Every structure is written in structure tokens, then in C-alpha cells.
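J.: Structure incoming, see below.
The values are calculated or read from the model by the stated rules, or taken from the named source; none is laboratory data. Small disclaimer: the values here were computed from a predicted structure and weren't measured. Heads up, the Cβs are rebuilt from the backbone with ideal geometry, glycines too, and the neighbour counts pull from every protein chain shown. Remember, those area values only see protein heavy atoms, side chains included, never the ligands or the DNA or RNA. Shrake-Rupley method; radii C 1.70, N 1.55, O 1.52, S 1.80 Å.
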Amino acid sequence: NNIIPKRQEHKIRGLDVTMGWYESEGADRISSPTCLHAQLGDLFIHRYGNSSLQIWLSNGSAWEPNIQDGHHHPVLKDHRLCVREGGEPSWVTRKTLATYKTRGRN
């Protein structure tokens, strides 16, 4: 059951840059993403169990595992990963991420 997910994307606020990500869902953790052809900075998010997440980041040639909220973007040095309550990822500035955390918003 290796369904290859469709790439989703949206614009990064304030920049003429688009971020991309793939999603999968299942009962358990997976060992690696089911998508092989990703662009530098793409994310792969796997949801499993009772709202648990696994996140990988593409370095352009391979998937880096164990990515967490707040992880540095590989090219946009002032941007950090922010995964919202609904699970949608975005790259936000360090300042924006700090504001979200102090307000308890995510």
C-alpha cells in the first residue's frame, strides 16, 4: 500500500517563495517517506495514532528525519518551521514563531 501523496504548496508570507509538503496518514509510524522526488526545503508529514506526527525535511537529495517545530529552513536563514494545530506546516520568521509561542498560538 505505497500511495504516493500529492505535493501541496502555498506561498511563504512576505516572500516570492512557495513551500511544498506531502502528507500521509496511518495507524503507526513509518520508516521513511513514500515520496522520492522532493525539492530542497519540502516537508513530508506523517500523521499516526492519536494526533502524533513524524516530519522529514528534504535536503534536495534525501529526506532528513526527526524534524521538529522550530527547525531552521535550509535556505531561508531567518525562517523556522511552524506546524499549526490542524497539522498544516508553514515557514515563519523567528520573530513570528516567538510571538506565536508567547501567545500560546500554534
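J.: When ARG103 is evaluated against the numbered criteria (1) within 24 Å of ARG13 (Cα to Cα); (2) in contact (Cβ under 8 Å) with a residue 12 or more places away in the chain; (3) surrounded by fewer than 13 Cβ atoms within 10 Å (Cβ to Cβ), which criterion, by number, is the only one it fails?
T.: Result: ARG103 passes all but (2).
J.: Which residues, taken from region 9-57, are part of a strand (DSSP E or B), over 13 Å from GLY87 (Cα atoms) and in contact (Cβ under 8 Å) with a residue 12 or more places away in the chain?
T.: Correct list: GLU9, HIS10, MET19, GLY20, GLY26, TRP56, LEU57.
J.: Now for a separate question. Which of the residues that make up region 45-62 are out of contact with any Asp or Glu (no Cβ under 9 Å at 6 or more places or on another chain) and either farther than 26 Å from LYS77 by Cβ or crowded, with 18+ Cβ neighbours inside 10 Å (or both)?
T.: Once the filter is applied, which keeps residues that are out of contact with any Asp or Glu (no Cβ under 9 Å at 6 or more places or on another chain) and either farther than 26 Å from LYS77 by Cβ or crowded, with 18+ Cβ neighbours inside 10 Å (or both), region 45-62 yields ASN50, SER51, SER52, GLN54.
J.: Shifting gears a bit: Looking only at region 67-84, count every residue that is loosely packed, with under 12 Cβ neighbours inside 10 Å and either in contact (Cβ under 8 Å) with a residue 12 or more places away in the chain or within 11 Å of GLY41 (Cα to Cα) (or both) and tell me the total.
T.: Going through region 67-84 one residue at a time, the tally reaches 2.
J.: Of all residues being open to solvent by 80 Å² or more (accessible area, probe 1.4 Å) and in contact with a strand residue (DSSP E or B) (Cβ under 8 Å, 6 or more places away or on another chain) in region 28-44, which is nearest to GLN68 (Cα to Cα)? Just the residue, please.
T.: Among those residues, the one meeting the criterion is ARG29.
J.: Hey, another quick one. Among the residues of region 85-99, which ones are of a type outside the set (A, V, I, L, M, F, W, C) and either surrounded by 15 or more Cβ atoms within 10 Å (Cβ to Cβ) or in contact with a Phe, Trp or Tyr (Cβ under 9 Å, 6 or more places away or on another chain) (or both)?
T.: Within region 85-99, GLU88, PRO89, SER90, THR93, THR96 meet the criteria.
J.: Turning to a different aspect of this structure: Pick out the one residue from GLY60, GLY87 that is free of Cβ contacts under 8 Å to residues at least 40 places away in the same chain, in a loop (DSSP other than H, G, I, E, B) and on the phi > 0 side of the Ramachandran plot.
T.: Step by step, each of GLY60, GLY87 is checked, and only GLY60 is free of Cβ contacts under 8 Å to residues at least 40 places away in the same chain, in a loop (DSSP other than H, G, I, E, B) and on the phi > 0 side of the Ramachandran plot.
J.: Only one of (1) open to solvent by 40 Å² or more (accessible area, probe 1.4 Å); (2) modelled with pLDDT of 90 or more is not met by SER24, so which one is it?
T.: (1)
J.: To continue, here is another question. Could you please let me know if ASP28 is among the acidic types (Asp, Glu) and within 28 Å of LYS95 (Cβ to Cβ)?
T.: Values: among the acidic types (Asp, Glu): yes; within 28 Å of LYS95 (Cβ to Cβ): no.
No.
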